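Trainee: Dropping the structure in here first, questions after.
Derivation of every value follows stated rules applied to the coordinates shown; laboratory data play no part. Small disclaimer: the values here were computed from a predicted structure and weren't measured. Methodologically, a virtual Cβ is constructed for each residue, glycine included, from the backbone with ideal geometry; neighbour enumeration extends over all protein chains shown.
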Amino acid sequence: MSLLRPWLARGIAALALLTTASLTLAQTPTAAARPRITVLATGGTIAGAGASAANSATYQAAKVPVDKLIAGVPELSDVAVVKGEQVFQIASESFTNDKLLTLGKRVSALAKDPEVDGIVITHGTDTLEETAYFLNLVVNTDKPIVVVGSMRPGTAMSADGMLNLYDAVVVAGSRDARGKGVLVAMNDEIHSGRDVTKRVNIKTNAFFSQWGPLGMVVEGRSYWFRLPAKRHTANSEFNIDKIDALPEVQIIYGAGNMALQMYEAPQRAGAKAVIHAGTGNGSVAGYAVDALRGLRSAGMVVIRSSRVGDGFVLRNSEQPDDKYDWVVAHDLNPQKAKILAAVALTKTSDTQELQRIFWEY
Ligand code: DAS
């Protein structure tokens, strides 16, 4: 029996090795079966670099080029055939309407390409939610579009960018991700580009959706638990291919003791709409109502949002919106309301139509 044991052990080990290998082979799709994903890089922390591994929050964003980002996650080639394009190399707080249009048109062109199965956009986290919502409104496709960032640069201990990028490519290559609108993959979660917002400015679990994430992505697989309820992408009336400029929309942030001069700024900026990020349920200080009504009389669209993260602004509650001819932003935070207002104003400035659009998107 003792003579047999080494052979038996070797036999069992060989069998285990063979089983694992065959399982891995079974799981690793052949090149032909792997989805073709294009990564559009725009900068941000996911492309950031710090002086030392201990610098998880002090670093320079928008340093690492897209090819190095892709090379930094060799496991990507197990799940997809990945190509990279460097669209911009900026920190996302510096995004402008022109950059949104350039990026949107490139995404739209790739979505039409039969050689492209999904698109990933690497992006700074600061305005990631605006870009994701913008694309959700204007790119008419069912193909997966996944926006991803990171809270730590790749040079830091426990950097989150590599796994976030791997997860984003997995989701972009997943058939189940089709038709769910623009998605955001961060910290193992899959969020709707419409709902997600950056709620924490210094932790890896930075992004939340008040109605919950759509799903999770774990070890190369996506798991879905919810579907978006609002119109998006292929079902949107807005098409980036027909938009060459976005009207100016600016935000007034509500608080106690507001200076009335704040209500003059949108007009000086040539804004076509102002988002009033009011206190509570979109409240406007009594002494500021006339200033806001003055903007409406001057032809500017007034949209009541709230500085409070969750909930939604109830029409005709804190203010008589019907009487003042104002629009409410529903559950959209001020920065998302600004994106929707700009896109909607490319089609209409009729306040009834605008309110419909804010209910539907
Ligand atoms: N400045 C931030 C940005 O580019 C860095 C980041 O978190 O991505 O949005």
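Trainee: Assign unit charges at the C-beta atoms only (+1 for Lys and Arg, -1 for Asp and Glu), then state the dipole size of the chain relative to its Cα centre in Debye, rounded to the nearest 20.
Mentor: Using only the charged Cβ atoms, the result is roughly 460 debye.
Trainee: Report, as a whole number in µm² per second, the diffusion coefficient that Stokes-Einstein gives for the stretch 201-264 at 37 °C and 0.692 mPa s using the Kirkwood radius over alpha carbon pairs.
Mentor: D = 191 µm²/s.
Trainee: Using each residue's phi in the stretch 126-136, evaluate 6.51 cos²θ - 1.76 cosθ + 1.60 at θ = phi - 60° and report the 3J(HN,Hα) Karplus result to the nearest Hz, with x for Gly and Pro.
Mentor: Values, residue by residue: 4, 10, 4, 5, 6, 5, 4, 5, 4, 5, 4 Hz.
Trainee: How would you rank Met162, Met157, going from fewest to most other Cβ atoms within 10 Å of each one's own Cβ?
Mentor: The fewest-first ordering by Cβ neighbours comes to Met157, Met162.
Trainee: Through the Karplus equation 6.51 cos²θ - 1.76 cosθ + 1.60, θ set to phi - 60°, convert the phi angles of the stretch 286-297 into ³J(HN,Hα) values in whole Hz; use x for Gly and Pro.
Mentor: So the Karplus estimates, Gly and Pro as x, are x, 6, 10, 4, 4, 4, 5, 5, x, 5, 4, 5 Hz.
Trainee: Let me ask something additional. Charges only on Cβ, +1 for Lys and Arg, -1 for Asp and Glu: so what's the dipole of the stretch 179-336 about the Cα centre, in debye to the nearest 20?
Mentor: 120
Trainee: Here's another thing I want to ask about it. In the neighborhood of Thr131, defined by Cβ-to-Cβ distances under 14 Å, what is the net charge if each Lys or Arg adds +1 and each Asp or Glu adds -1?
Mentor: Neighbour charge sum, excluding Thr131 itself: +2.
Trainee: Skipping prolines and chain starts, which residues have an amide H placed within reach, meaning under 5 Å, of the one on Gly154, given they are 5 or more residues away or on another chain?
Mentor: Gly48
Trainee: Would you work out if the stretch 63-216 is rounded, prolate or oblate? Take a ≥ b ≥ c from the square roots of the eigenvalues of the alpha-carbon gyration tensor; rounded if a/c is under 1.5, else prolate when a/b is larger than b/c, oblate otherwise.
Mentor: Cα axes put the stretch 63-216 in the rounded bin.
Trainee: Treating the angle as unsigned and between 0 and 90°, give the value, to the nearest 10°, between the Cα long axis of helix 161-172 and the longest Cα principal axis of the chain.
Mentor: 90
Trainee: Also, I was wondering about something else. Along its three principal axes, how long is the chain when you only count alpha carbons? Whole Å, largest extent first please.
Mentor: 96, 43, 36
Trainee: Please tell me the relative contact order of the stretch 263-361 in percent, rounded to the nearest whole number, where contacts are Cα pairs under 8 Å and at least six residues apart.
Mentor: Relative contact order comes out at 26 percent.
Trainee: What 222 nm value per residue comes from the helices of the chain, counting each DSSP H run with n ≥ 4 as -39,500 (n - 2.57) and dividing by all residues, nearest 500 deg cm²/dmol?
Mentor: The per-residue figure over the chain is -9000 deg cm²/dmol.
Trainee: Quick query: amide H of Val301 versus all other amide H atoms, modeled in the peptide plane; which residues come in under 5 Å with a sequence gap of 5 or more or a different chain?
Mentor: Here Ala273, Val274 satisfy the definition.
Trainee: If one takes the longest principal axis of the Cα atoms in the chain, at what angle in degrees, from 0 to 90 and to the nearest 10, does the Cα axis of helix 97-112 lie?
Mentor: 50
Trainee: Further question on the same structure: Can you tell me the Rg and the Dmax, both Å, for the Cα atoms in the stretch 262-311?
Mentor: 10.9, 31
Trainee: In Å, what Kirkwood hydrodynamic radius results for the stretch 307-349 from the alpha-carbon pair distances?
Mentor: Hydrodynamic radius (Kirkwood, Cα pairs) of the stretch 307-349 is 11.3 Å.
Trainee: Could you name the aspartates and glutamates in cross-link range of Lys323, using Cα to Cα under 20 Å and dropping any fewer than eight places away on the same chain?
Mentor: Within the straight-line limit of under 20 Å, Lys323 reaches these aspartates and glutamates: Asp290, Asp350, Glu353.
Trainee: Name the residues whose placed amide hydrogens come within less than 5 Å of the amide hydrogen of Gly118, ignoring near sequence neighbours (fewer than 5 apart) on the same chain.
Mentor: Arg36, Thr38
Trainee: Okay, next question. Treat the stretch 56-130 as a sphere of radius equal to its Kirkwood radius over Cα pairs and apply Stokes-Einstein at 25 °C in a medium of 0.890 mPa s; give the translational diffusion coefficient in µm²/s, rounded to a whole number.
Mentor: Stokes-Einstein gives a translational diffusion coefficient of 175 µm²/s.
Trainee: Explain nothing, just the number: dipole magnitude of the stretch 255-361 about its Cα centre with +1 on each Lys and Arg Cβ and -1 on each Asp and Glu Cβ, in debye rounded to the nearest 20.
Mentor: 260
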